[in-house]
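Working notes, structure below.
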Amino acid sequence: MSEHEYVPKSKAAKWFNDRLPLLTLGAHLTDYPTPKNLNYWWTFGGILTFCLITQIVTGIVLAMHYVAHADLAFASVEHIMRDVNYGWLIRYIHSNGASMFFLAVYIHIFRSLFYGSYKSPREVIWIIGLMIYLLMMAAAFMGYVLPWGQMSFWGATVITNLFSAIPLVGDSITTWLWGAYSVDNPTLNRFFSLHYLIPFLILGLVVLHIWALHVPGNNNPVGIDIKKPSKDTVPFHPYITIKDAFALLVFMIIFAGFVFFTPNVLGHSDNYIPANPLVTPAHIVPEWYLLPFYAILRSVPDKLGGVILMFSAIFILFVLPWLDTSKVRSAVFRPIYRQFFWILVIDVLMLGYVGAMPAEGIYLVLARVGTIYYFLHFIVVMPVVGYLEKTDPIPMSISEPVLSGGAEPSLARKVNDKV
Amino acid sequence: MIKSNLKLFVLSFLLLISLRPLQSAEMVDPIKVDWSFKGLTGTFDRASLQRGFQVYKEVCASCHSMQYLSYRNLGEPGGPEFSEQEVKAIAASFEIEDGPDSQGEMFTRPGKPSDKFKSPYPNVQAATAANGGAYPPDMSVLVKARKGGANYIYSVLVGYEDPPSGVTLDEGVYYNKYMAGNKIKMPNNLIDGLVEYADGTESTVDQMAKDVTTFLAWAAEPELEERHKTGVKVIIYLVLLTILVYLSMKKIWSRIDSEV
């Protein structure tokens, strides 16, 4: 928490603050010393908070009009689109908001990967973040089921069927998840219930995420520990708030572009066909943000193997802080790791692309190559490169290289000398 | 470096989006029509919507339902914008089943603007049985439910051909260049001069196909005009606000010796 002791000005405020130190918390959040060299990749935390609040607010309004019943859900969505005042706007914000949320979270995660924000002493922030990401995927998947279109129904069928791959109890678990012997009305009902619950779990985790962040303070592009407060830091308000606001507005322009001018481009046209258990769509594809994992799932010929590999692809990230052996956080000073970082970015994008394609021919080959690299990156590249890499000199502080116009050798120490 | 990173991300994201339409390429690309409702400020051609409604009513509606629309929608802004009297007359021309009355009996009465479009069949099974085993899909959101949207619908309507040699068709199956698998159970219903347009426009197949597709595009997205109009305002507002916040940010950060 803040270094200085906050003393409220008025007597009443002091009385309240002694009993519940909300004003102290407010003062801490305002003064919170933040590295002054944070670039725009650091603005996505604020953007993600905005996305979560937007989804919750629009979602609550949608839930006032939506009917979670297999016979009525599709019609109730059309009712929202046609008869509810600005229903189309609320729904399009909500559906595109999910995509925007994932766009922002992927940038946020890759920023962390590039600048080593997951490393000591920020492992707990990273792990809470991954839990948020997992819940986001669950919420998004269940939300996509709610309109009860063809892709809703068949997506739910494919994903819930994954659990049947578990030996011995798989079928029982799947039936238990469905609440029926196939994806049906009970499934829709519980998905709606959970879809409403999860965002509030996420909100709770976001509070913990920020709390955990405020213990060590922000990482920064240089990736070095800094003294707080010092000439390397600025108070969160107004410096970071205004910068976050600017970045958020730019983000909102892109968001609005999707909502108002191509609201359905990120969805699948089949989801405007009411769910029909008797007709299977030609290609069942999840939403774009789940495609890399879908590609990993389908790259394995064995169902159980695919499921294990897909879940491993996420859970491997939980041990990332211990797989990375480098003493240097920021990839700015890691010439070898930096190359591998961009290979990983391209690998994940490629997996996303082949995830949208039929699992055959060249796409299957690409999916397998992509999957193998994905795991190699974390299991082999990160530990090995961390040991072998000769890192660039890192500056002593944020201010010094800035003041002297660049990272001069006199101010720097060779980290690899110490390793 | 940061700039090139940003470029990479934006490009990759755009690539990801633009590649999605490649998912299945088994049919001929639909004809690209320069619809008036395309683009950032696109609006519907009012006369075309009214003609399209006429085609729908006289041709499509005998098999296809449009259950999510109400007659009142026909008079609402951004749609065909029939006058109140016209909407009432259109609604009243349909016999709607209502009830039960106080005796527990169902009865029919003339339609009201608040009624949903009357469906030609009582249920999906009846529609399927009456159409050789192929359910004529509900047309309320058809344009959104087909890849290629309005272009695809228009293309199918004008895409009937004699089957190429070697292709044999079962009874009640027709050859269509743009349909997935090229086989369609809907016969070619449009022939030149089929409907007599109230505004005197010549009812060629192409004209009718365009008009009815425009009508279906509106039916699927009745909010389109308002969405476009609001969108332009929202973006202008956001851009102005962004500029103001950017200048404020520059001013605030000028207090310290660091770049923002």
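Restricted to segment A:312-409, the set of helices (runs of 4 or more DSSP H) holding at least 1 residues that are away from every other protein chain (no Cβ under 13 Å), modelled with pLDDT of 95 or more and within 30 Å of residue A:268 (Cβ to Cβ) comprises A:361-376. Applying the set (1) touching a residue at least 24 places away in the same chain (Cβ under 8 Å); (2) of a type outside the set (Ser, Thr, Tyr); (3) not in a helix (DSSP H, G or I) to residue B:164 leaves exactly one unmet item: (1). Every residue in segment B:201-260 that is at the interface with another protein chain (Cβ under 9 Å from one of its Cβ atoms) and assigned to a loop (DSSP other than H, G, I, E, B), please. Answer for segment B:201-260, where residues must be at the interface with another protein chain (Cβ under 9 Å from one of its Cβ atoms) and assigned to a loop (DSSP other than H, G, I, E, B): B:221, B:222, B:223, B:255, B:256, B:257, B:258, B:259, B:260. Scanning segment A:174-194 for residues that are exposed (fewer than 14 other Cβ atoms within 10 Å of the Cβ) and under 13 Å from residue A:139 (Cα atoms) yields a single hit, A:193.
Table: residues versus (1) at pLDDT below 95; (2) closer than 23 Å to residue A:113 by Cα.
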{"position": "A:208", "(1), (2)": "no, yes"}
{"position": "A:212", "(1), (2)": "no, yes"}
{"position": "A:216", "(1), (2)": "no, yes"}
{"position": "A:226", "(1), (2)": "yes, yes"}
{"position": "A:230", "(1), (2)": "yes, no"}
{"position": "A:238", "(1), (2)": "no, no"}
{"position": "A:241", "(1), (2)": "no, no"}
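Every condition in (1) crowded, with 20+ Cβ neighbours inside 10 Å; (2) of a type in the set (Gly, Ala, Ser); (3) part of a helix (DSSP H, G or I) is met by residue A:305 except one, and the failing one is (1).
I'm checking my understanding of the structure. Among residues of segment B:37-84 that are under 16 Å from the mean Cα position of the chain (by Cα) and over 24 Å from residue B:151 (Cβ atoms), which one is farthest from the other protein chains (Cβ to nearest Cβ)? Looking at residues that are under 16 Å from the mean Cα position of the chain (by Cα) and over 24 Å from residue B:151 (Cβ atoms), I get B:74. Scanning segment A:259-288 for residues that are within 19 Å of residue A:93 (Cα to Cα), more than 10 Å from chain B (Cβ to nearest Cβ) and surrounded by fewer than 21 Cβ atoms within 10 Å (Cβ to Cβ) yields nothing.
Every residue, every condition in (1) at pLDDT 95 or above; (2) surrounded by 17 or more Cβ atoms within 10 Å (Cβ to Cβ); (3) aliphatic (A, V, I, L, M), yes or no:
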residue: A:38; (1), (2), (3): yes, yes, yes
residue: A:41; (1), (2), (3): yes, yes, no
residue: A:47; (1), (2), (3): yes, yes, yes
residue: A:52; (1), (2), (3): yes, yes, yes
residue: A:55; (1), (2), (3): yes, yes, no
residue: A:63; (1), (2), (3): yes, no, yes
residue: A:70; (1), (2), (3): yes, yes, yes
residue: A:76; (1), (2), (3): yes, yes, no
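Residues in segment A:79-93 that are of a type in the set (Asp, Glu) and either surrounded by 19 or more Cβ atoms within 10 Å (Cβ to Cβ) or touching a residue at least 40 places away in the same chain (Cβ under 8 Å) (or both): there are none.
When the criteria are applied in full, residue A:300 fails the requirement of being touching a Phe, Trp or Tyr at 6+ places or on another chain (Cβ under 9 Å) and farther than 30 Å from residue B:240 by Cβ. Of the residues A:234, A:222, the single one that is more than 8 Å from chain B (Cβ to nearest Cβ) and in contact (Cβ under 8 Å) with a residue 40 or more places away in the chain is A:222.
Inclusion of residue A:258 among residues that are in contact with a Gly (Cβ under 8 Å, 6 or more places away or on another chain) and assigned to a helix (DSSP H, G or I) is not warranted.
Going by the structure shown, is residue A:291 in contact with a Gly (Cβ under 6 Å, 6 or more places away or on another chain) and within 18 Å of residue A:155 (Cβ to Cβ)? Taking the combined requirement at face value, the residue satisfies it. For segment B:125-149, filtered to residues that are more than 23 Å from residue B:29 (Cβ to Cβ) and at the interface with chain A (Cβ under 9 Å from one of its Cβ atoms), the residue that is surrounded by the most Cβ atoms within 10 Å (Cβ to Cβ) is B:140.
The values are calculated or read from the model by the stated rules, or taken from the named source; none is laboratory data. The structure presented is a predicted model; accordingly, all values stated were derived computationally and were not measured. Please note: Cβ atoms are built from the backbone with ideal geometry, for glycine as well, and neighbour counts cover all protein chains shown.
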